[in-house]
Structures are given as structure tokens and as C-alpha cells.
Amino acid sequence: MRELLVASLFGASAMTDAFNVAFRIPNLFRRLFAEGAFSQAFVPVLAASKQQQGEEATHLLIDRVATLLLVVLILTCVLGVAGAPILVWIMASGLKQAPNSFEMAVFMTRWMFPYIGFMSLVALAAGVLNTWKRFALPAATPVLLNISMIGAMWLGAPWFSSMGVQPIYALAAGVMLGGMLQLGVQAYGLKRLGMLPRIGLSLAGIRSAWADPATRRIATLMIPALLGVSVAQISLIINTQIASHLASGSVSWLTYADRLMEFPTALLGVALGVVLMPQLALAKAANDPAQYSAMLDWGLRLVVLLAVPCAVALLTFSRPLVAALYHYGAFTDRDVQQTTTALMGYGAGLVGLVAIKVLAPGFYASQDIRTPVKIAVVVLVITQLLNLLLVPLLQHAGLALAIGIGAVINALMLLIGLVRRGSYKPAEGWWTFLMQVMAASALMAVFLMWCAGSNDWIGLRDQSFKRIWLLALVVISSAAIYFIAIWGAGLKVRKLLQR
């Protein structure tokens, strides 16, 4: 709903490119201080502390980590706001080609940069709650960002426009409100759990926090994790920079496609990763390699079961999806076509993108962050070589396809690494399982291709309710075809989910 409103109100233009660049900058740093390097280092140490030292000592660790994190975040936010023009130029110097686009991006970056402070503290809270097996609250709070941005567009954009202010600035206000709401809800969850951090910003408190061996261990683990996350963010910066020099709207087309790709990635990969990470860390702390391997096997089977049909759908049914979800208001027929090609590029690597979210915790839970970093560096080089080949041929869609291919290579290298070190031993029945999934997916693909060609999805723009109902019918029918075919092939889905 959020992206539908953005597309219909603002379309894909230099103005939306400016917002997307500005929003990517705090999200880039968020990968470093929030669910990226910080969580990868924090959760395994937290789980080990809970398992071996008890809750009282673990609460003290949380207090000290929160103190140091807040100090770092304050300094980072001050520097980020001051250096916004430099950050925007590094990310997307091509915005200077469009009038006022660069200046708008700088203005919105300054307003949204403190968002990383809220989200980094949210990541700390989520790590604690997930370690205590409180998964629902951290999973639900991101909805608050969407609600805030929807409210900002619905109420704020018309008000901004009436005041002579660019209405897209309302989105920046919605982002900040969403960050504050998420932090407030997570803090409430920690308070109920009895684990709300006691932050001491005095010089003595900061020194005491840094002197703790556990916080030093987290900082030590974060160094290679920062390198690994930085590699991924360098790839994002390069791709955004390239896109900013392509046709106006390229950054936005990629962003709209990315949202559709992120839906199954978050629903499957991130959810599985969030659940597996603390449990793998606990299995490691308990020295239970059989449980460790079994959990990885279960996670990978769910990835294949659910991500393969999603990838097939993105490849065979991408245009109807884009048309039904975005093709309103300022979003043109050309925007549909350009977003569709980008979505197909992402779809080619969806299984890899989801699998990484399960495979990488297999290393992080063992407090091995160096191996994924080395793999990430190799994949970065491969991705940029692919960009040299694909972008001249496919323009912005080439960037998406390069990311997709790179994700598949990344996932394969992580899998091979886990198998070679003996951390993961595939259970029996994998080949039969793969053939069952592929056969069911092929049957679903035939149905989706027929549905994509039997209706003029772009021509139904003036009949939006009919198009939405058709989309819902196709999605439900394709899911039914897939799971009935899986059942007919002899795969017991309920038994797999309950393993």
C-alpha cells in the first residue's frame, strides 16, 4: 500500500529518484549499525551469555552495549547531517543532471539521517527479544514505518503542497515518525521483559562499558562484519551511482521492483534468519552439532519450498504484478514496462537472496564472520564485472540481473563452505524433494504465463477493481495449483513445517 501510494502520487521521476537516494543513505548506515554488522556480532554473544552466565549478567551486558551504541550513534548522526552533500554526491552524483534534484536529496538526507539512530536501537531491542523467543513484537513493529509514511502521504503531502512546500518532503517526515514509533514499541517490549537497558552516558559509565570483555568481544566481531556489510553497501552505492547516470527515473524503477522482490525475501528469508540465528547460537553454545545441522537443513528446505515458486512467479507474471500494484495516477505505461524488466532481473536471483538469509547465520552463530566477508568480496567483484557486460545491453535492468546472479553465487559459496567444514550435513531425500518442487513450480508457471497473456493488464488501468480482483484470483489459484501439485507428488508440507 505504501509503494502504491508513492507510485500513484509521485510516479517515477527525478523527484522520486531524489527521495529514494536520500532514503537509501540512512538505510546504508543502518546495515552497519542495526540488523547488519551489529546484530551479527551482538546476538551470538548475547545468546552465549544467557546460556552460560544467566539473565542478571546478560542484563548488565545489554546495559553496556546500549551505552556504547548510543554514543557511536550520536556522533554518526551529527557527522551525517553535516556531511549530507558529500554523501549524496558519493551515492548519486548523476542527480545533478536534473534541476533541483541533488539539492532535494541533500535536504531530505539531513532530515532522515537520524533515522539510523532509532533503527539501530530497535535492532538491539529486537536482538534481545528474539533471544528470549519473543518474535512477534520485533516482527510487527516495521509496520509502523509503513503506517507513518502512508499517513504522511495522505495527510501531510496535501498540506505541504498548500503551503508551497514540495509534497514529497512529507515522506521524509513519515520516515522519522515511523522510526520514533518503532523504538517506542520495542522499548515497551523490553520493559515488560525486564531487560530495558540502563544507559549511562557519564565518562565513568562509558569507560566501564568499554572495559567489559563481552562488549570488546562484540566490537571485535563487528570489525569483520563491518567489512562484510560494507562490501554489500559498496555494491549498492556503485549500482545507485550507475542508475543515477541512466535515464531519469531509473533509481525509482529499481526501487519499485526491489520492493516486490523484498516482499518474499523478508517474508521468507528474513523471518527464517531471525528465528534461526539465536537458536543456532544456542545450539553452538550447547555443543550440539546435530541440532545445528538439522536446523539449517530445515531452513533450507523451507527456502526451496517457498522461494522457488515465488521466483517463478516474478519471472512469468511480473508485468501483471507491476500493473496491478503500481499503475495508477502518475505511474505511466512506460514506468510499468521499465519496472517489469528490473523485477525480472531480481527474480532470477530470488532463491539466492532468500537462501543467504538462512546460510549466513550458519557462520555468524559460530562467531565466524570472516568467511562470509571473503565470499562477499568475491561476489562484489563478480557483480561489477557483470554490470560492465549487462548495463550497456539492458540499462537499469542489467543492474538488477547482476545483483540476482551475484546472490545465487553468494548462496552457493556459503552452502559449500558450511558443508566442507562439517557444520551442515544435508539430510536424506533432497533430490526427491527438489524434483517435487520443480515439477509443481513448472505446472504453476504454465498457468501464470497463460494468465499473463490472456488479459490486457495495462489496458485495465481504468478498471482498477477488476484488475485487483483478477490479480487476487490468479495469486490464490496459482498457490492452490502449486500446493496441490506438491501434495500429489507425495510431499507432506505440514510434516516439513513441524520438523
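Summary of values
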| item | result |
| --- | --- |
| Residues that are hydrophobic (A, V, I, L, M, F, W, C) and closer than 19 Å to N130 by Cβ, drawn from region 282-302 | L282, A283, A285, A286, M295, L296, W298, L302 |
| Odd one out for A355 among (1) surrounded by 18 or more Cβ atoms within 10 Å (Cβ to Cβ); (2) modelled with pLDDT of 90 or more; (3) more than 28 Å from L491 (Cβ to Cβ) | (3) |
| Candidates V81, V65, filtered to the one that is surrounded by fewer than 21 Cβ atoms within 10 Å (Cβ to Cβ), of a type in the set (V, I, T), farther than 19 Å from N239 by Cα and at pLDDT 85 or above | V81 |
| Selected residue [touching a Ser or Thr at 6+ places or on another chain (Cβ under 6 Å), in a helix (DSSP H, G or I) and under 25 Å from G184 (Cβ atoms)] from A22, A47, A66 | A22 |
| Where L46 falls short, out of the listed (1) surrounded by fewer than 24 Cβ atoms within 10 Å (Cβ to Cβ); (2) under 23 Å from Y364 (Cβ atoms); (3) of a type outside the set (F, W, Y); (4) touching a residue at least 24 places away in the same chain (Cβ under 8 Å) | (1) |
| Complete set of residues in region 462-499 that are surrounded by fewer than 16 Cβ atoms within 10 Å (Cβ to Cβ) and not hydrophobic (A, V, I, L, M, F, W, C) | D462, Q463, S464, K466, S477, G488, G490, K492, R494, K495, Q498, R499 |
| Matching entry among L388, L434, L393 (being within 23 Å of T265 (Cα to Cα) and hydrophobic (A, V, I, L, M, F, W, C)) | L434 |
| Per-region count, region 363-377, residues in a helix (DSSP H, G or I), surrounded by 18 or more Cβ atoms within 10 Å (Cβ to Cβ) and not β-branched (V, I, T) | 4 |
| Answer residue from region 151-174, given it is of a type in the set (A, V, I, L, M, F, W, C) and either outside any helix (DSSP H, G or I) or modelled with pLDDT of 95 or more (or both) and is surrounded by the fewest Cβ atoms within 10 Å (Cβ to Cβ) among those | M163 |
| Members of region 341-362 found to be closer than 19 Å to V308 by Cβ, part of a helix (DSSP H, G or I) and of a type outside the set (A, V, I, L, M, F, W, C), listed by number | G345, Y346, G347, G352, K357 |
| Tally of residues being at negative phi and exposed (fewer than 13 other Cβ atoms within 10 Å of the Cβ) across region 417-437 | 5 |
| Lone qualifier among G205, G179 - being part of a helix (DSSP H, G or I), surrounded by 14 or more Cβ atoms within 10 Å (Cβ to Cβ) and either among the hydrophobic types (A, V, I, L, M, F, W, C) or under 27 Å from the mean Cα position of the chain (by Cα) (or both) | G179 |
| L28 assigned to a helix (DSSP H, G or I), at negative phi and either at pLDDT 85 or above or among the β-branched types (V, I, T) (or both) | no |
| Condition met for L401 (more than 20 Å from the chain's Cα centre (by Cα) and either among the hydrophobic types (A, V, I, L, M, F, W, C) or buried (at least 23 other Cβ atoms within 10 Å of the Cβ) (or both)) | no |
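Listed here are the residues, each with its yes/no results for (1) under 27 Å from L183 (Cβ atoms); (2) part of a helix (DSSP H, G or I); (3) in contact (Cβ under 8 Å) with a residue 60 or more places away in the chain.
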| site | (1), (2), (3) |
| --- | --- |
| L227 | no, yes, yes |
| I237 | yes, yes, yes |
| Q241 | no, yes, yes |
| T255 | yes, yes, yes |
| D258 | yes, yes, yes |
| F263 | yes, yes, no |
| V274 | yes, yes, yes |
| A281 | yes, yes, yes |
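The values are calculated or read from the model by the stated rules, or taken from the named source; none is laboratory data. Because the structure is a prediction, the values reported are computed rather than measured. Positions of Cβ are generated from backbone atoms using ideal geometry, with glycine treated the same way; all protein chains shown enter the neighbour counts.
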